[in-house]
1. What about Tyr54, is it crowded, with 21+ Cβ neighbours inside 10 Å and more than 16 Å from Ala216 (Cα to Cα)?
2. Have a look at Ala191, Ala222, Ala213 and point out the one that is at pLDDT 90 or above, closer than 18 Å to Tyr41 by Cα and crowded, with 17+ Cβ neighbours inside 10 Å.
3. Taking the conditions exactly as written (closer than 23 Å to Phe118 by Cβ, surrounded by fewer than 19 Cβ atoms within 10 Å (Cβ to Cβ), within 21 Å of the chain's Cα centre (by Cα) and in contact (Cβ under 8 Å) with a residue 24 or more places away in the chain), does Arg182 satisfy them or not?
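The values are calculated or read from the model by the stated rules, or taken from the named source; none is laboratory data. Since this is a predicted model, take the numbers as computed values, not measurements. FYI the Cβ positions are ideal-geometry reconstructions off the backbone, even for glycines, and counts take in every protein chain you see.
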Amino acid sequence: MRQVTGWGAGRAVVVFGTLLALPFIFSQDWVVDIAFFGLMYAVLAVAWNLIGGYAGYIWLGFITFFGLGAYALTISFQHVVLTSVWSPFLVIIPIGLGLAALSIPVALLLLRVRGATFAVVSLAVLFLAEICASNWTTITNGAEGMGMPTPPIAASLFSRPFYLAMLCLLAVVLLFSWYVLRSRLGLMLFAIRADEERARGLGVPTTTIKVVAFAASCGFAAMAGGIWAYYVGFIFPIFAFSANTMFATVMMVYLGGRGTLWGPLVGALLVAPAQEYLAYTLGNSQLYLIAYAAVFLLVIRFLPRGIVPTVHDSWVRRRARGAVGGSERLVST
């Protein structure tokens with residue numbers, strides 16, 4: 001595995017230092033609220049990229065585990081009086097690990113198919129989960145929803161613990177993604193994305209590698225869902241298993257750069273705040289979805305590889321031209 005470069009470490013310090021300072025610089029609750037959802041989508045985008053970007057499997061049932069994590073935490077605290085705002089955050093860790101393990105048989109079943117077939121079948125899993133949550137009233141309370149107990153924290157500081165918890169989760173999932181990208185696991189995932197049959201012929205344990213990436217992405221999604229449920233306080237199946245959240249996550253990954261480390265984070269931090277702002281300003285009209293679709297079409301048309309790869313390639317070409325120009329001047333002298 002390659003060592004951390006000074007440039008990479010410095011970039012991480014700047015990004016996370018800025019994100020850490022944000023809720024203390026801006027005192028307005030609505031700013032922190034939008035920033036929280038930006039971080040949530042960043043976690044989801046980076047986690048989805050493990051299987052959708054590195055391995056190339058367009059996993060459209062991903063938000064199923066986001067919803068399962070939300071319900072798992074909410075059900076766990078149905079009859080508990082919170083004495084500390086931090087208690088549910090500790091429970092989120094075993095929930096994420098448990099749902100990652102639960103996703104393994106799902107992965108073994110779904111990953112038998114590939115391409116468009118996998119995408120369609122996986123999307124059916126999301127709709128099936130929403131239907132089950134809406135009708136399994138004895139467990140989820142159905143379409144009436146269910147809520148978390150109120151955390152013991154002052155209203156003026158309400159958003160801060162949730163923001164910090166989501167920021168910590170983002171740091172963990174990004175670090176894990178960096179490790180995968182720089183390890184043999186990442187190399188094997190990219191080999192699967194390029195040509196799975198050839199990778200298998202070269203001795204890559206394709207099924208095992210895909211299941212590991214699948215389970216890790218689902219575990220992180222479940223933890224994000226738990227933090228989200230605790231933050232919003234009351235959840236419904238239609239929001240916990242939202243297709244809009246699923247497609248937004250995929251669009252953010254494609255916008256930033258699928259299969260890159262920083263691309264999903266860049267895409268999420270650009271799109272998610274804009275989405276939340278438009279949703280607030282336009283209300284229930286959902287006109288922001290039209291803007292969403294337009295952005296996605298523009299990305300596919302003008303930035304098919306995403307922002308990060310496009311900017312990186314442009315920078316490399318500029319340096320190459322500068323080096324060639326410098327060599328020509330040296331020769332002429």
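1. Values: crowded, with 21+ Cβ neighbours inside 10 Å: yes; more than 16 Å from Ala216 (Cα to Cα): no.
No.
2. Details: Ala191 fails: closer than 18 Å to Tyr41 by Cα; Ala213 fails: closer than 18 Å to Tyr41 by Cα.
Answer to the check: Ala222.
3. On the way: closer than 23 Å to Phe118 by Cβ: no; surrounded by fewer than 19 Cβ atoms within 10 Å (Cβ to Cβ): yes; within 21 Å of the chain's Cα centre (by Cα): yes; in contact (Cβ under 8 Å) with a residue 24 or more places away in the chain: yes.
In short, no.
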